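A short write-up of the structure that comes next.
FYI, it's all coordinate maths here, none of it is from the lab. Just so it is clear, the structure is predicted and the values come from calculations on it, not from any experiment. Methodologically, a virtual Cβ is constructed for each residue, glycine included, from the backbone with ideal geometry; neighbour enumeration extends over all protein chains shown.
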Amino acid sequence: MARRPLGIVMNGVTGRMGYRQHLLRSILAIRDQGGLRLADGTVLWPEPVLVGRSADKLRALADRHGLTEWTTDLNAALERSDVEIYFDAQVTSARAAAIRAAVAAGKHVYTEKPLAEDTGEAVALARLADEAGVKHGVVQDKLFLPGLRKLKRLVDGGFFGRILSVRGEFGYWVFEGDWQEAQRPSWNYRAEDGGGIILDMFAHWRYVLEDIFAPVRSVQCLGATHIPERVDENGKTYTCTADDAAYGIFELDGGIVAQINSSWTTRVFRDELVEFQVDGTEGSAVAGLRRCRVQHRAMTPKPVWNPDLPVTEKFRDQWQEVPDNADFDNGFKVQWEMFLRHVAEDAEFTWDFYAGARGVQLAELGLRSWREGRRIEIPDLGR
């Protein structure tokens, strides 16, 4: 059995997402399973080259997992002839310049979102990659969550009839960093470093809404910086210049109205950290990270509003669980395998830089809607 090594420069792997989801649970997991078998029987073997700013952290990470290739010199890594793919999990503000360098070096590029800090730069990166003839993709991990895959199955099967609305709740309390350590890095709360929940999460909501339901045609957003000061990784108090909560209304094709609350300043009273309720003429569903429950029109009870008596119905018990009917692997790993096949055997991969640019566009227009206090229609970006 032939084995084909494939070098991947992985930039930003000392960060939370870059390490846990992309290196540990994706690339190293693919190696642990014996590589990725291609259609012709060849086994693709990822060879990561770790890149970051701290030599000590990179060395420790490489030693922990038996890896030997790491460097703090991105340009040197990109010059290697055995490298075919560049992956970026850096802070948003550093991403565009690194991607430009990778494209100039002739590498295929796979990157975390958001692709860039503004729509113009995102579109420019997409066109630059096209002109260079390199393949490009953006992480769209929420589409591969078991709960949303079940929800997509319901939509494709016509379960809902005419879809009326989508209501989403995402978030949790991120500690301020004073008496408990924050779960997110401090740059998330500084606009000058590419932080903010609108830039972060609206890029997700664009592909979730479009891939599962319908194209997004307008946005109306109210953002907030509910916590004005936090404490960073070095114990220093800093002023938060980016939004930590966003309340958005999105109009979709077909008259569908989506409302999604995104917050790093909310305490969780729901079954999962993200949940979407979809209501249609024939039925409704509530989907989270893993679970999806439904209530069909024929099985919908008839609640009676009576504030003078205690509720006797157990509303959650009136819903049915959607079965798995499939094995669900880690969503980041699944998309990595798809992109590797895209590079190695030209398999289809639809989530390219243009899809990433549409996510940046929605975030940018969401910020503008908040700033101007109005609903904004979303123009077609084209290619």
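Stretched out fully, how many nm does the piece from residue 173 to residue 297 gain, at 0.36 nm a residue minus the Cα gap? Walk me through the numbers before you get to the answer.
Working: separation 124, 0.36 × 124 = 44.64 nm, distance 3.57 nm.
Separation in residues times 0.36 nm, less the Cα-Cα distance, equals 41.1 nm.
Can you tell me the FRET efficiency between residue 350 and residue 73 if r is taken as the Cβ-Cβ distance and R0 is 30 Å, rounded to the nearest 0.05? Can you show the working numbers first?
Numbers: r = 34 Å, r/R0 = 1.12.
The pair residue 350/residue 73 has a calculated efficiency of 0.35.
Where does the longest stretch of the chain lie that holds no GluC sites (Glu not before Pro) found in a DSSP loop with 15 or fewer other Cβ atoms within 10 Å? All intermediate terms of the calculation are to be shown ahead of the outcome.
Details: sites that count: 79, 181, 233, 282, 313, 348.
So the longest stretch without any such site is 80-180.
Starting from the Kirkwood radius over alpha-carbon pairs of the range 83-137, derive D by Stokes-Einstein at 37 °C in a medium of 0.692 mPa s and give it in µm² s⁻¹. Each step should come with its number before you reach the end.
On the way: Rh = 10.8 Å.
Translational diffusion coefficient: 303 µm²/s.
All other residues with a Cβ under 13 Å from the Cβ of residue 229 taken together, and with Lys, Arg as +1 and Asp, Glu as -1, what is their net charge?
Working: positive: 190, 230, 236; negative: 176, 178, 232, 244.
With Lys, Arg at +1 and Asp, Glu at -1, the net is -1.
Enter the angle in degrees (range 0 to 90, nearest 10) between the Cα long axis of helix 331-345 and the first principal axis of the Cα atoms of the chain, meaning the one along which they spread out most.
Roughly 50 degrees, rounded to the nearest 10.
For the range 299-377, compute the orientation-averaged projected area of the C-alpha convex hull (one quarter of its surface), in nm². Before the final figure, lay out each step's value.
On the way: hull surface 46.2 nm².
Mean shadow area of the hull around the Cα atoms is 11.5 nm².
For the residues 111, 312, what sequence is obtained by ranking on other C-beta atoms within 10 Å, fewest first? Numbers along the way, then the final one.
Working: 111 26, 312 6.
The fewest-first ordering by Cβ neighbours comes to 312, 111.
Assuming a ≥ b ≥ c are the square roots of the Cα gyration tensor eigenvalues, decide whether the range 68-188 counts as rounded (a/c under 1.5), prolate (otherwise, with a/b larger than b/c) or oblate.
On the way: a/c = 2.28, a/b = 1.37, b/c = 1.67.
Judged from the Cα gyration tensor, the range 68-188 comes out oblate (a/c at least 1.5, b/c at or above a/b).
Give me, ordered by chain and number, the residues 5 or more places off residue 289 or on other chains with an amide H under 5 Å from its own placed amide H.
273, 274
What's the lysine pair count for the range 94-160 at a Cα cut-off below 16 Å, pairs eight or more apart or interchain? Before the final figure, lay out the partial values.
Values: 107/135; 113/142; 142/150; 142/152.
Lysine pairs meeting the criterion: 4.
For the chain, give me the percentage of DSSP beta bridges that are antiparallel, rounded to the nearest 5 percent.
On the way: 41 of 71 bridges.
Rounded to the nearest five, the antiparallel share is 60 percent.
Based only on other Cβ atoms within 10 Å, what is the fewest-to-most ordering of 269, 159? Before the final figure, lay out each step's value.
Working: 269 6, 159 20.
Least crowded to most crowded, the residues run 269, 159.
Could you name the lysines whose alpha carbon sits less than 25 Å from that of residue 236, not counting residues in the same chain fewer than 8 places away?
Of all the lysines, those that pass the test against residue 236 - Cα under 25 Å, at least 8 places apart if same chain - are 57.
In whole Hz and in residue order, list the ³J(HN,Hα) couplings for the range 40-56 that follow from phi through the Karplus curve 6.51 cos²θ - 1.76 cosθ + 1.60, θ = phi - 60°; x for Gly and Pro.
Those phi angles translate into 8, x, 5, 9, 7, 10, x, 10, x, 10, 7, 10, x, 8, 9, 5, 4 Hz.
Give me the angle, in degrees from 0 to 90, between the Cα long axis of helix 197-212 and the longest principal axis of the Cα atoms of the chain, rounded to the nearest 10.
70
If one computes the Cα centroid of the range 67-142 and of the range 367-383, what distance in Å separates the two points?
27
Using the Cβ atoms and a cut-off under 12 Å, what net charge is assigned to the surroundings of residue 8, where Lys and Arg are +1 and Asp and Glu are -1?
Numbers: positive: 31, 80, 107; negative: 47, 69, 82, 84, 88.
Charge balance near residue 8 sits at -2.
Tell me, what is the percent relative contact order of the range 252-383, built from C-alpha pairs under 8 Å that lie six or more residues apart?
Values: 74 pairs, mean separation 14.6, N = 132.
Normalised by residue count, the contact order of the range 252-383 is 11 percent.
If I take R0 = 41 Å and measure r between the Cβ atoms of residue 55 and residue 321 in this structure, what FRET efficiency does the formula 1/(1 + (r/R0)^6) give, to the nearest 0.05?
Details: r = 49 Å, r/R0 = 1.21.
Taking R0 as 41 Å, the efficiency between residue 55 and residue 321 is 0.25.
Over the Cα atoms of the range 1-141, compute the convex hull volume and normalise it per residue, giving Å³.
Working: hull volume 16.1 nm³, N = 141.
Normalising the Cα hull of the range 1-141 by residue number yields 114 Å³.
Only counting other Cβ atoms within 10 Å, I'd like 174, 155 sorted with the fewest neighbours first.
Arranged by neighbour count, lowest to highest, 174, 155 become 155, 174.
Send over the Kirkwood Rh of the chain, from the inverse of the averaged 1/r over different Cα pairs, rounded to one decimal Å.
Details: mean 1/r = 0.0448 Å⁻¹.
Evaluated on the chain, it is 22.3 Å.
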